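The structure under discussion appears below in the form of C-alpha cells.
The values are calculated or read from the model by the stated rules, or taken from the named source; none is laboratory data. Owing to the predicted nature of the structure, the values given are computational and were not obtained by experimental measurement. Cβ: placed from backbone, ideal geometry, glycine included. Neighbour counts: every protein chain shown.
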Amino acid sequence: MGGTGNPEWLIREDAGQPVLLALYLRQVLGIRSPDELPQLRGIPPRENVRDDTAQATLERQWREYWAMTVEPQAHPSTVPLELVDEFGTLMALPQDGARELRAAVRPHAAEAMAFTQSAHSRYRRDAGSGSSYRAYASAIAEYERQVGRRAHSFELNVQVLPLAQRGVWWIGSLTVAVTDGLRGDVAAFDAAINPIIAELA
C-alpha cells in the first residue's frame, strides 16, 4: 500500500479455497468455461455422460457460481444462497436455479475437498517467505520509473493456482489467476505481472 496522501494500491494474493474448489469441480464435471483458463494439474479426465442440454444447463449454473466465487461483491446473487453441506462453508449456491449443479457436485465432495485443502496448504507453505509484497512493490516501482509518474490507486486480487500451463489470466474485473510455478520464478513473474500493473496503474 502506498504512503498517506499518495496514490494507494492494494494487492491481495491467495490460493483461495473456494476458487480452487470451483476449478476442481469445473474439471470433473467437464465444463469448458472459461475457455482461456487452463485445467488444473494432476486431475484425471472424467467421462461426460450427460447430453448436450444437461451439460449446457450445468455450464450456465457453474458460470454463475464461478462469478460469485471469484468476485462476490461484483456478482451478488439475486436470490438467497444456501451452503452445500458436503463442502462446509466453501460452497454456497442460489436456493433457486442451481438444482442441477448442486446434485452434480455432491458425489465429488470428498476428493474435491481433499484437493482444495492440499493445494491451499501448499500455497501457504510456499508463500511463507513473505516476499509477495516486495514482488509487487518492485513491479510497481519499475512501472513508475518507466512512465515517469506515480501509479494511480488500484486494487488487484491474485489467485495463485496449480494450473497446467504457465501464465497469467484475467478471471474477473479485478482478479487474475497466475500459475504457481510462474509465481515462484521471480524474473518470469516480474515480466508477466508488469502488463497487468500497467493496465491498472
**Message:** For the structure I just gave you, tell me whether PRO107 is over 20 Å from ILE11 (Cβ atoms), more than 16 Å from the chain's Cα centre (by Cα), at pLDDT 95 or above and crowded, with 19+ Cβ neighbours inside 10 Å.
**Reply:** no
**Message:** Given (1) under 20 Å from the mean Cα position of the chain (by Cα); (2) modelled with pLDDT of 90 or more; (3) loosely packed, with under 12 Cβ neighbours inside 10 Å, identify the lone condition not met by VAL158.
**Reply:** (3)
**Prompt:** Scanning region 72-104 for residues that are modelled with pLDDT of 95 or more, touching a strand residue (DSSP E or B) at 6+ places or on another chain (Cβ under 9 Å) and within 27 Å of GLU13 (Cβ to Cβ), which turns out surrounded by the fewest Cβ atoms within 10 Å (Cβ to Cβ)?
**Reply:** THR89
**Message:** Looking at the structure I just gave you, is ALA114 under 19 Å from the mean Cα position of the chain (by Cα), without any contact (Cβ under 8 Å) to a residue 24 or more places away in the chain and part of a helix (DSSP H, G or I)?
**Reply:** yes
**Asked** Quick one: what pairs do we get from region 183-201, first residue in contact (Cβ under 8 Å) with a residue 24 or more places away in the chain, second part of a helix (DSSP H, G or I) and β-branched (Val, Ile, Thr), C-beta under 6 Å, 6+ apart or different chains?
**Response** ILE197/ILE140
**Asked** Of the residues ARG134, ARG99, ARG125, which is over 30 Å from ASP190 (Cβ atoms) and without any contact (Cβ under 8 Å) to a residue 24 or more places away in the chain?
**Response** ARG99
**Request:** Give region 23-41 a look and list any residue that's in a helix (DSSP H, G or I) and of a type in the set (A, V, I, L, M, F, W, C), or say none.
**Result:** LEU23, LEU25, VAL28
**Scan of region 150-182 for residues that are touching a Phe, Trp or Tyr at 6+ places or on another chain (Cβ under 9 Å) and closer than 14 Å to SER138 by Cα, ordered by number** = ALA151
**Request:** Evaluate region 190-201: report whether one residue or more is outside any helix (DSSP H, G or I) and surrounded by 15 or more Cβ atoms within 10 Å (Cβ to Cβ).
**Result:** yes
**Item:** Single unsatisfied condition, VAL186 versus (1) among the β-branched types (Val, Ile, Thr); (2) out of contact with any helix residue (DSSP H, G or I) (no Cβ under 6 Å at 6 or more places or on another chain); (3) modelled with pLDDT of 95 or more
**Value:** (3)
